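Working notes, beginning with the structure itself.
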Amino acid sequence: MTGTELDGAGLDGAGLDGTELDGNALAGPLREVFAVELTAARGTCAGCGRSGPLAEARVYARAPGLVARCPGCAAVLLRLVAGPDRTWLDLRGLAVIEVPTGR
């Protein structure tokens, strides 16, 4: 597969084989992932490539939400804002999160 095929760019229905599911298929697996203690999860900074437990991130709370920065390069790893009826989570600064599942 090419990068375009992997990232979904240009998908207009052509070439789809009918076996794809909608986003609701993610509900169970994502619930399992996010129902664990994430401070033990390992994150990799998209900026410098440093990998370590999220508990080592530098967290700033003097904003409408929380901002976690990489202890290596100070790049923003994640933003978390909780409102009265929803929560916004921006993980753009993390290249990957490795979540221990205990299985």
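Derivation of every value follows stated rules applied to the coordinates shown; laboratory data play no part. What you see is a predicted model; the values in this text were computed from it and never measured. Cβ atoms come from the backbone with ideal geometry, glycine included; neighbour counts cover every protein chain shown.
See the values below:
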{"read-out": "Neighbours by Cβ (under 7 Å, 6+ apart or cross-chain): first from the stretch 80-98, aromatic (Phe, Trp, Tyr); second loosely packed, with under 14 Cβ neighbours inside 10 Å", "value": "none"}
{"read-out": "Residue ranges of strands (runs of 3 or more DSSP E) in the stretch 43-82 with at least 3 members surrounded by 15 or more Cβ atoms within 10 Å (Cβ to Cβ)", "value": "66-69, 76-82"}
{"read-out": "The stretch 21-42, residues that are assigned to a loop (DSSP other than H, G, I, E, B) and touching a helix residue (DSSP H, G or I) at 6+ places or on another chain (Cβ under 6 Å)", "value": "Ala41"}
{"read-out": "Every residue from the stretch 88-103 that is exposed (fewer than 14 other Cβ atoms within 10 Å of the Cβ) and either within 14 Å of the chain's Cα centre (by Cα) or within 16 Å of Thr44 (Cα to Cα) (or both)", "value": "Trp88, Leu89, Arg92, Val96, Glu98, Pro100"}
